[in-house]
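The values are calculated or read from the model by the stated rules, or taken from the named source; none is laboratory data. What you see is a predicted model; the values in this text were computed from it and never measured. Glycine gets a Cβ as well: all are built from the backbone with ideal geometry, and neighbour counts include every protein chain shown. Areas reflect the complete protein model, heavy atoms only, side chains present, ligands, DNA and RNA absent. Shrake-Rupley method; radii C 1.70, N 1.55, O 1.52, S 1.80 Å.
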Amino acid sequence: MLVIGALLMLFPFVWTVVTSITPDGNLSGTPSLIVDNPTLDAYRKLAASVPIWRIVLNSFGIAVASTLLQLLTGSLAAYGFSRLEFAGKKLVFGCYLATLMVPLQVLVVPLFIMLTRVHLNDSYFSLLAPSIASAFGIFLLKQTIDAIPHELDEAARIDGAGHLRIWAQVIMPLTKPALATVTVFAFMDSWNSYLWPLVVIRSPELMTLPLGLSFLKGQFTTEWNVVMAGAVVSILPIIIVYLFAQKYIIAGMAHTGLK
């Protein structure tokens, strides 16, 4: 059953790659995994149709910056919620978790108005703004930090360490699985983002990959092999990030519910 499930999950990706190297490939016929005359013309057309390398660089830069910021803000906030005592901590944490139930579509208009009033629309910062912090990342990291014995903090405090040093030298090295999980989710979320860039970006040189690939679809005809070539380009970075972090992901998710 696992083999069958894996084959069913892999088939769309294999078909995407096959279509991208098929001359005049399309999606209207019966799926075929055999190519008579494979060619890379679709990739050349992709590079000629849109500034693909500038777009990939934009997406990669925004995704990396978003991921690093979420790791920084998420780990600091998680440490605060787990280790510090302050009035209303449970209420604040509960309210913050409640934001997970609010979809981005609801926030688009107020976020757009806020950025417009401070003249930051159509900029790299506007692409980055909604993903500087993540409630999911804070929750995952807090649950992981909760499982770390407090005796380690106390030993570090006896040696004269403050909260920032305890966070950096004691807590963070022990949360690598959770950090890797947050990294993959944050990178993938930013890399695949389409709605928010569509709303705030007007300049072609600031386009991200999902937004740039949408221009490959014509009004009357579409070269599907070129679209699939763009899809392959968009999938590769996610696969690479996952391959580097895969050994930590299951461990990170397994520790989420532990106390």
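Listed values, structure above:
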item: Filtered residues of the range 124-159 (kept if open to solvent by less than 30 Å² (accessible area, probe 1.4 Å) and part of a loop (DSSP other than H, G, I, E, B)); result: SER134, ILE148
item: Of all residues making up the range 160-169, the number that are outside any helix (DSSP H, G or I) and buried (at least 16 other Cβ atoms within 10 Å of the Cβ); result: 1
item: Identity of the residue in the range 50-63, buried (at least 16 other Cβ atoms within 10 Å of the Cβ) and part of a helix (DSSP H, G or I), that ends up nearest to the chain's Cα centre (by Cα); result: ALA63
item: Some residue of the range 22-36 being touching a residue at least 60 places away in the same chain (Cβ under 8 Å), open to solvent by 70 Å² or more (accessible area, probe 1.4 Å) and over 19 Å from the mean Cα position of the chain (by Cα); result: yes
item: The range 37-49 - residue that is out of contact with any helix residue (DSSP H, G or I) (no Cβ under 6 Å at 6 or more places or on another chain) and of a type in the set (A, V, I, L, M, F, W, C) and, of those, least open to solvent (accessible area, probe 1.4 Å); result: ALA47
item: Scan of the range 170-210 for residues that are surrounded by 21 or more Cβ atoms within 10 Å (Cβ to Cβ) and without any contact (Cβ under 8 Å) to a residue 24 or more places away in the chain, ordered by number; result: none
item: The range 78-97: number of residues that are of a type outside the set (Phe, Trp, Tyr), outside any helix (DSSP H, G or I), farther than 15 Å from HIS150 by Cβ and open to solvent by 70 Å² or more (accessible area, probe 1.4 Å); result: 1
item: Some residue of the range 113-123 being of a type in the set (Ser, Thr, Tyr), over 28 Å from GLN143 (Cβ atoms), in contact (Cβ under 8 Å) with a residue 60 or more places away in the chain and open to solvent by less than 80 Å² (accessible area, probe 1.4 Å); result: yes
